[in-house]
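What follows is a single structure, written as C-alpha cells, with notes after it.
The values are calculated or read from the model by the stated rules, or taken from the named source; none is laboratory data. This structure is a prediction, so every number in the text was calculated from the model and none was measured. Here the Cβ is made from the backbone with ideal geometry for all residues, glycine too, and neighbour counts use every protein chain on show. Just the protein is used for accessible areas: all its heavy atoms, side chains included, with ligands, DNA and RNA removed. Shrake-Rupley method; radii C 1.70, N 1.55, O 1.52, S 1.80 Å.
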Amino acid sequence: ITSAVAFDILPLKLHPFSQSTPTGLDCVGWKQCISSPVIADGPLDKTALADDVGSEEDLYEDFRSSNHRYGHPGGGGEQLAINELISDGSVVYAEALWDHVTMDDQELGFKAGDVIEVMDATNKEWWWGRILDSEGWFPASFVRLRVNQDEPMEDYPLKVEGGKEDDSSSGTRRFGMGQTTKDQMRTNVINEIISTERDYIKHLKDICEGYIKQCRKRADMFTEEQLKTIFGNIEDIYRCQKKFVKALEKKFNKDHPHLSEVGSCFLEYQTEFQIYSEYCNNHPNACMELSRLTKVNKYVYFFEACRLLQKMIDISLDGFLLTPVQKICKYPLQLAELLKYTNPQHRDFKDVEAALNAMKNVARLINERKRRLENIDKIAQWQSSIEDWEGEDVLVRSSELIYSGELTKISHPQAKSQQRMFFLFDHQLVCCKKDLLRRDILYYKSRINMDDMEIVDVEDGKDKDFNLSVKNAFKLHCQDTEEVHLFCAKKPEQKQRWLKAFENERRQVQLDQETGFSITEVQKKQAMLNASKQHHTGKPKAVTRPYYDFLMRQKHPTLPTTLPQQQVFMLAEPKRKPSNFWQNISRLTPFRK
C-alpha cells in the first residue's frame, strides 16, 4: 500500500493575528507545486524513492532548486499585516507568553503577562518593542498578539491576576463602550480560541502523520527509543486535543458567538492537560537528539522530504515540536481575556473564572518542572567554577539550590572552628572554603548527606556535646552513625533562615517523590558538558542613546543571530515567581555577569 500526497494547494485562509503556533507558522500565498512523490509503506532502502523522485536528498534538492517552498515570503501574512499596521501609524500590542530573561542591553526583558508595544516586525524571529521607557529586541515566539488591538492601551492592565482588573469599574463605563461593543470583544476572543484550536490540531496532525508515521517506516534510521525521545507523548496530546476541540465546537454558538459557553470544556479537560508536563520535560531531550541527528545530511534530507510531502510550511522540525510547549502557556492568557469581556451575569462567567484558575494551576505545575530542569545548567556551571572538586557531580543527586551562606562549622569537640561557605541542595549540603587572597575563588571541602540528617535547634549558652559556649547555633545529627555537626550563624535571623531552608529541603524532596520528578542521565551529562565548554564573557557595554539612534537608522545591524535558550528550556505563566537560584549565590563574584 502506498500513500500519495497531491500537491494541489487550496488557498489558505488569512489569519493575520493567529496565535496558535510559533510566530511565522501561519502563512499565505502558498505556491502551486508539481505532482506528488510517493513514500512507500514499510522499511525503505536507499533506492526506495528512486523510481519516481530519487532519494530524500534528490527530493530536497529538486524542490529547493525549483523554488517550490512551502514557506512564506518575508515572514508570512502575520508579519506583513503587523508591519502594515505599524507603517500606517497604528499601535500594535502583544502579551508575553513567558519570561524573557536577558543580560544583553540591546534586548528587551519582560515577565510573562507583560504588554509590549511592537515597533518593528520586519524580522520573523526577532522583533523590536517597547515597555514603558525601555526598548529592545525580543523573540517573536515569546509573545501573543492581542486579539482586540483597537482597545486603548491605558485601559489595558499590564498584569492580569485571576482574570480581573484592579479597577472594579472596568465594565462598560471604564471602556466608554456600550454592551454591544463588549459583546463584540467577547466574540473576538471566542473566535480566536476556536480558530487557534483548529490550527493547532492541524499542526499536531502534520507532526504525527507527516513525521512520526514516515519515521516508523525507516527502522534503518530510527529506533523506537529515538522516536520517543524526539516526539515524546505528542500522539497522546493529539488524541486529547481532538476530543477537546470537538467539545469546544459543541459549545460554540455560530449565530451568536458571544453567547458561547466554553468554560466548562476547560474544566472537563484540566486533568488531561497535565500530560503536557511529560512533553515539556522531555522537550530539551528532543532538541538535543534532533541537534545530534541533523549533523548527518541524510537526516536533514529525510526530515525535509517529510515536511514537503505533508505540505507543511517552511519551519524546521524543532519549530513544530515547540508548539505544544507554547500552547499550554496560552490558555491562561486566553481565558483571562475571555473573563475580562464576560459579564458577571453571563451563564459562562463562573465556569470561565474557574477554568482560568484551573489552567493557571496546570501551567504552574508544568512551569515548576521546567524551572527545575532549567536550573540544572546553572548548577553545572556553579560546580565547574569550584576548585578541587571531589566525588560525584552535584547533579547525580540534586537539581535545586535551596539556600546558601556563610556559617562557622565544628565537626567534633576537639576540632577548631572553621568559617565556610555552605550550599544547601536537595539531598545534600556542600561545604566550600574561600581562597585566602582571592575571596571570590571557592575550594571544595566536603558534603553532608541530608537524607540521613536530623536538624537540632540549639539554645544560646553552653553546649554539652561540644563543651562550648555557642550562639545562633544548630546541629545536624545522624542517628545511624551518631555523626554530629555544629553550626553557628552570625545573627539570629540568619539562623532562622537556615532552619527554614532545611524544612524547605525536606519538603522539596517529599514533593519530588510524590510527583515523580527526576532528571535523566542524558540531561545531567549534557548540562555538565555545556558547563565545561562555556567561557567567561564580560557584560555587554550599554548602548547610548546616540548609538541607539544610529542602530535604528542602520536597520538594527546587531540583530541577534539565534533564538535564546529560554525558548527551549523555559515555560512560564503570568505572575510566576522568579527563580531565586542566582539571588542565593549572587554574592559570589564568579557568577556576576
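Annotations
- The equivalent ellipsoid of segment 181-374 has semi-axes of 35, 18, 13 Å, largest first, where each one is the square root of 5 times an eigenvalue of the Cα gyration tensor.
- Amide H contacts of Met119 (H built 1.01 Å from N, in plane; Pro and chain starts excluded): Trp128, Gly129, Arg130 sit under 5 Å, all sequence-distant by 5 or more or on other chains.
- For segment 76-145, size of Cβ-based charge dipole, Lys and Arg +1, Asp and Glu -1, in debye: 200 debye
- Placing a pseudo-label 7 Å from each Cα along the Cα-to-Cβ vector at Ser134 and Glu225 gives an inter-label distance of 4.4 nm.
- Taking the alpha carbon gyration tensor of segment 293-346, multiplying each eigenvalue by 5 and rooting it gives semi-axes of 40, 12, 6 Å, largest first.
- 5 angstrom amide H check on Asp114, placed H, neighbours 5+ away: Ala96
- Note, ³J(HN,Hα) from phi for segment 259-269, Karplus 6.51, -1.76, 1.60, rounded to Hz, x at Gly and Pro: 8, 4, 10, 9, x, 5, 5, 5, 5, 5, 9
- Computing FRET efficiency as 1/(1 + (r/R0)^6) for Lys242 and Arg507, where r is the C-beta to C-beta distance and R0 is 41 Å, gives about 0.60.
- Alpha-carbon Rg with Dmax, taken over segment 400-517, Å: 14.6, 46
- Rounded to the nearest 10 Å², the accessible area of Lys445 at probe 1.4 Å: 100 Å²
- Per residue, the convex hull volume that the Cα atoms of segment 76-145 enclose (Å³): 77 Å³
- Listed residue pairs exceeding 29 Å between alpha carbons, taken from Lys340/Lys378; Lys124/Lys202; Lys217/Lys311; Lys298/Lys330; Lys445/Lys495; Lys182/Lys370: Lys340/Lys378; Lys298/Lys330; Lys182/Lys370
- With a 1.4 Å probe rolled over the protein heavy atoms of all chains, the accessible area of Glu95, Glu368, Glu304, Glu503 falls in the order Glu503, Glu368, Glu304, Glu95, largest first.
- Applying the Karplus relation 6.51 cos²θ - 1.76 cosθ + 1.60 with θ = phi - 60° to segment 390-407 yields 3J(HN,Hα) values of 10, x, 5, 5, 4, 5, 4, 10, 10, 9, 8, 8, 8, 6, 8, x, 8, 9 Hz, where x marks Gly and Pro.
- For Lys378, the accessible area of its heavy atoms, probed at 1.4 Å with every protein chain present, is near 40 square angstrom.
- Surface accessible to a 1.4 Å probe, Arg497 within the full protein complex, Å²: 110 Å²
- For the pair Asp452 and Lys202 in one chain, pulling the backbone fully straight at 0.36 nm per residue adds 84.8 nm over the alpha carbon distance.
- Amide N proximity, segment 282-298 versus Ser518 label position 7 Å along Cα-to-Cβ, cut-off under 18 Å: 282-286
- Annotation: amide H of Met221 has no partner in the under-5 Å range at sequence separation 5 or more or interchain, hydrogens built in the peptide plane.
- In a DSSP loop and with at most 16 other Cβ atoms within 10 Å, the GluC sites (Glu not before Pro) in segment 384-459 are Glu390, Glu392, Glu459.
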